[in-house]
Amino acid sequence: MQAYLDNAATTPLHPEVKKAMQAVMDEFGNPSSIHAWGRRSRILIEKARTAIAEQLGVAPGEIFFTSGGTEAINTAIYGAVVDRHVTTIITSPIEHKAVLKSVNRMQAIRPNVTVHYIRHQSDGTFDPAAVETLLKKSPRGRTLVALMHANNELGVLNDAAAIGALARQYDALYLCDTVQTLCHIPFQLPELGAHYAACSAHKFHGPKGVGFFYMSHAAKVKPLIWGGAQERGMRAGTENVMGIVGLHKAFEVGMEALRTDPEHILRLRTHLRDQIRTHIPEATVWEPRNGKILPTVLSVAFPLNEKTEMLQMRLDMEGVAVSAGSACTSGAAQRSHVLDALDAPADIVPIRFSFGNLTTLDDVNYAVAVLRKIMG
Ligand code: PLP
């Protein structure tokens, strides 16, 4: 048996997504061409844009297809600094590297850019009042708040609506990294008050290398990638038509699952959490004190000892896929920047279990059996 519990890193293609992509494999027309071949591809793209925009309560003209979350985030941060003359960025040390490295880059090329990092509680949460304190001392109309909707390693959910309201009150721009929350918790973009948001299809059973950038009409920036007039001049390069079709279908299936069985993933998470608490009491489940969690992620700290030293690898050998941090950091065999930023103790082994719509109770039970065997 095998159990794939690393869905926050990436998810398998949903069978319906695969079918939708296969059905358009022969649509090779360049969407910019005006002949019938091109028009057919163009229609597929615009259908996707309209459907996604409608689900999220925004205008189709505010959605721009990209290569994924990283590109969307880079576009927002670069554009905010270069085109909207932002000189202060409020962010957090536990953001995804797409945010942190972009912010570093902005500081390197624009020495007038000041960056303030939010201080977190040890559980990864922060009080939105901390954002207000920083906003009060930041220039109005020249500040970008870049704070994620949910943390990909810990599964901590931020109060994006409160942050968005503060950003508007203090005339700041707000980039909300929604890569881990889209199709995982129900919301519409206007509720968050964000000017910019990011989406990555492979986090919800869509294909890799495709996503979108949400940019509100009120906070336009210029493109990051220059060339042809694709995406209404906002993102040059011939569109990834098949990827966009896959994203559209994954979005549809994901949103439908949220409507029909919104508790599916939460039930799996709760079951695994309870099983770990019962059978492996020495492990600590990462639960923010305010109870606001992303249901797709269960982060667990195991005490460092001879059984857990190689825990991720031992689970892998038994067919259980988990992560020991984020995908990028785990490859580099170094402690994640998130745990460092929270001053997590050195003698823990962090394991992230993450779930998707295709995860089953059998997967979770198998992982529990393997964990008990290793830890027993
Ligand atoms: N932001 C968060 C919170 C993520 O988890 C990820 C992916 O791991 C990204 C951004 C980057 O998305 P992509 O893989 O589409 O570039």
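None of the figures in this text is laboratory data; all of them are computed from the coordinates on show. Bear in mind the structure is a predicted one, so any value in this text is a computation, not a measurement. Glycine gets a Cβ as well: all are built from the backbone with ideal geometry, and neighbour counts include every protein chain shown.
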Expressed in nm to one decimal, what extension gain is obtained for the pair ARG232 and LYS136 from 0.36 nm per residue of sequence separation less their Cα-Cα distance?
30.9 nm
Gain in length, LYS18 to ALA59, computed as 0.36 nm per residue apart minus the alpha-carbon separation, to one decimal in nm?
12.0 nm
Nearest 500 deg cm²/dmol is fine: what mean residue ellipticity at 222 nm does the chain get from its DSSP H runs of n ≥ 4 alone, each adding -39,500 (n - 2.57), divided by its residue count?
-12000 deg cm²/dmol
Straight-line reach check, LYS307, cutoff 18 Å on alpha carbons, 8 or more apart in-chain or any other chain, hits among lysines -> LYS373
Lysines near LYS222 by alpha-carbon distance under 26 Å, same-chain residues fewer than 8 away left out - which ones?
LYS47, LYS97, LYS101, LYS208
Which part of region 163-196 falls in the paramagnetic zone of ARG110, meaning amide N under 12 Å from the point 7 Å along Cα-to-beta-carbon?
173
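Compute the relative contact order of region 245-376 as a whole-number percentage, counting only Cα pairs closer than 8 Å that sit 6 or more residues apart in sequence.
So the answer I get is 32 percent.
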Restricting region 18-125 to trypsin sites (Lys or Arg not before Pro) in coil, as DSSP defines it, with at most 14 other Cβ within 10 Å:
ARG119
Where the centroid of each part is defined by its Cα atoms, how far is region 72-143 from region 206-227 in Å?
19
Contact order normalised by length for region 47-172, with contacts defined as Cα pairs under 8 Å and 6 or more residues apart; what percent is it?
24
Could you give the dipole magnitude of the chain about its Cα centre, charging the beta-carbon of Lys and Arg +1 and that of Asp and Glu -1, in debye to the nearest 20?
980
Scoring only Lys, Arg, Asp and Glu (+1, +1, -1, -1) among other residues with Cβ under 11 Å from the Cβ of MET148 yields -3
Rounded, prolate or oblate: which fits region 1-89 when a ≥ b ≥ c are the square roots of the eigenvalues of the alpha-carbon gyration tensor, with rounded for a/c under 1.5 and prolate only if a/b beats b/c?
oblate
Where Lys and Arg each count +1 and Asp and Glu each count -1, what net charge lies around PHE187 among other residues with Cβ under 14 Å from its Cβ?
-1
For region 267-329 versus region 147-192, the gap between their alpha-carbon centres in whole angstrom:
25
Cα-based reach from LYS249 at 15 Å (exclusive), listing aspartates and glutamates while leaving out same-chain residues under 8 positions away:
GLU16, GLU46, GLU54
Three-way shape label, the chain, alpha-carbon gyration tensor, a/c 1.5
oblate
Along the positive direction of the dipole of the chain (beta-carbon charges: Lys, Arg +1; Asp, Glu -1; about the Cα centre), which of GLN107, ALA250, ALA324 reaches farthest?
GLN107
